[in-house]
Amino acid sequence: MADPTVSTTTLAVVTFCIGCIVSTSAVFPEETTGPRHNQEPASTVDYTLEVRANKPIHVTNERFLSITVDVGTLNKNWGNFSFGSSKLKTLTSALSPAYLRLGGTAADYLVFKRHCDDEVTTGQVDLFSQRPLTFLCPEDWDGINNFCSDTGLKLIFGLNQLLRTDDGQWDPTNAKQLLDYNTYDDVAWELGNEPNSYLKKANVSISGQQIGRDFNVLRSILQSRPQYSGASLFGPDIGGITKRAKVKSMLAGFLSTTNATNATTFHSYYLNGRTATVDDFLNPETLDSLLPVKIRTVTSQVRKYHGKDAKVWLGESGSALGGGAPNISDRYVAGFLFLDKLGMCAKMGLDVMIRQSYYGGSYTMLDLVSLEPKPDYWSAYIYKYLVGPKVLQVKLDTISYDNDGGGPAQSETDKQYLRVYAHCTATGKSGYRAGAVTLIILNMNKVNWANITLLRKLSGRRVDQYLLTPREHMDMSSSQVNLNGHPFQLVNDTTLPQLEPLAIGRDDPILIPPLSYGFYVIKVKTKACM
């Protein structure tokens, strides 16, 4: 990627608060190449950062960042998620390669109908739960598959596991009808959604061992048909993994009964969408208390039964359950949880992270009417361009001062508020040369700037900054973002904006404003990334 040429550089010196920001600007001449300020930030915390780049600690799937659309959108005739929309195709193509998972709660009330009419597809409910049935018609199936083909996505489709026989076995009759109808080769499959919640939502209790047997049946059906002999199967999409011992037992029962899946999947959300606040989204404890524990719990179980090379996916995840937190989960502040989750999952060895949801709910990445991108879309867009699959180890330290050091007292707690992840830079779309390193940096501190000094191999290198900040009144609830201080938005319905970095000079520090996040590409030739 060529460095941008600009006549002046405008840098905002900012003081943040939740819900507001005061900004003053200083304009520097053309020769300015880094984030120089006409005054020092009022308060800074100083850090050193070392990236150990001799070899990666993990290599993710090329579709690591993937997306979902809930099957329930079928009940709304897909809303404004129009397969023929050039705008939707433009936005979606920019996120490829990726999986598109079509699943969710409605998947366990879904029935494929070879012939659909209005009488069949409206007003019917499940007899046990009284939830509305969701009908998948041939035109829906063809539409979503052609859309995936046009945009470079691979479809994962969730089959209904609550279709049971009188003796408690999974009834694959309807699944076979869909398999017989399907003519698309590149479809992956799931069976069921969050089976730990079946008793609550459908008055059906299924053990982990029985779920495993259901998956064995589905794998046998796939292998019996030449078209599907190599098809991928994922599951069991279990949720609530740290809440109750019986959920852990369900996972163990599943893993001990089947090895039919290509990856073991689980679900995780940070917060309850009905009660979550902006402060919850900005609390480092939110990020540290749940997800790492869940990842360790699932990966340890999977390795116990299937070996250290078995794949684990975060098969569905958003900021807040229950459809997201209104006016928070689709705003700038949600980017802290989103980017940290991507960094955490990759660092801890997960293969894929599927973000709920691309379209739908309060955590949607696209506006439900206009399809205009929300802030998390732009984070994903930049991620896809700059972040490669090789994950690198990061060592972050605060710089301590003695009583005469002239600086603030700093402690390990400061590191909770500055979160840094490192990957080899993606070279395909970005144009960067092999060897470069991309940092994902989040400064969650409400007051302090972060002043980062790079050590060892990264020291004295040129850095490209892609800093995302809120636009509308500089509010954490902004629905639009700036990139390096400039509006970042679609040029038109079929043209995405260019990624224009701000170049930081060799001798300039990396200064991260409070309550901001971004990507930093270090132009270096590291062994792990060559």
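Just so you know, all these numbers are worked out from the coordinates, no wet-lab data involved. Worth saying up front: this structure is predicted, and the values here are computed from it rather than measured. So basically every Cβ, Gly included, is an ideal-geometry build from the backbone, and we count neighbours across all protein chains shown.
Note on S249 and I57: with the Förster distance fixed at 25 Å, the Cβ-Cβ geometry gives a FRET efficiency of about 0.20. Database remark: amide H of G318 closer than 5 angstrom to the amide H of S268, Y270, Q356 (H placed geometrically; neighbours at sequence offset of 5 or more, or on other chains; Pro and chain starts carry no H). Geometric descriptor of segment 455-529, per residue, is 125 Å³ (volume of the convex hull of the Cα atoms). Take S256, project a point 7 Å from its Cα along the Cβ direction, then tell me which residues of segment 194-221 have their backbone nitrogen under 11 Å from it. Residues passing the 11 Å test: 208-209.
Taking the square roots of 5 times each eigenvalue of the Cα gyration tensor of segment 260-301, largest first, gives ellipsoid semi-axes of 26, 12, 6 Å. Entry note, the chain: the mean residue ellipticity at 222 nm calculated from DSSP H runs of n ≥ 4, each adding -39500 (n - 2.57), is -6500 deg cm²/dmol after division by the residues and rounding to the nearest 500.
Sorting 458-466, 329-337 by average packing, meaning the other beta carbons within 10 Å per residue, from highest down gives 329-337, 458-466. Using a 7 Å offset from Cα along Cα-Cβ at S289, what residues in segment 258-280 end up with backbone N under 20 Å from the label point? Answer for this model: 267-280.
Converting phi to 3J(HN,Hα) with the Karplus coefficients 6.51, -1.76 and 1.60 and the offset θ = phi - 60°, segment 47-59 yields 10, 10, 9, 10, 10, 8, 10, 6, 8, x, 8, 6, 10 Hz in sequence order, with x at every glycine or proline.
Note on segment 265-411: percent of Cα-Cα distances in each 5 Å bin, starting at 0 and stopping at the bin with the largest distance, equals 2, 9, 16, 18, 17, 14, 10, 7, 4, 2, 1, 0.
Were the residues from Q169 through W78 laid out at 0.36 nm apart, the gain over their Cα-Cα distance would be 29.6 nm.
Full extension of the chain segment joining E472 with S85 gains 136.6 nm, where the gain is 0.36 nm per residue of separation less the Cα-Cα distance. Two numbers describe the Cα atoms of segment 191-279: Rg and Dmax, which are 15.2, 53 Å. Exposure proxy shown here: for H486, H115, the number of other Cβ atoms within 10 Å sets the order, fewest to most, as H115, H486.
The order of T427, T257, T495, going from fewest to most other C-beta atoms within 10 Å of their C-beta, is T495, T427, T257. Under a 5 Å amide H cut-off, with hydrogens placed 1.01 Å from N, N445 pairs with L515 among residues at least 5 apart or on other chains. Listing Y520, Y269, Y363 from fewest to most neighbouring C-beta atoms within 10 Å gives Y269, Y520, Y363. Label-to-label distance for L199 and Q177 is 3.1 nm, based on points extended 7 Å past Cα in the beta-carbon direction. Distance between the pseudo-spin-label points of T242 and D397 (7 Å out from Cα toward the beta carbon): 2.9 nm. Sorting 215-227, 145-157 by average packing, meaning the other beta carbons within 10 Å per residue, from highest down gives 145-157, 215-227.
Placing +1 on the Cβ of every Lys and Arg and -1 on the Cβ of every Asp and Glu, with nothing else charged, gives the chain a dipole about its Cα centre of roughly 1680 debye. Placing pseudo-labels 7 Å out from each Cα toward the beta carbon at A42 and R456 gives an inter-label distance of 3.8 nm.
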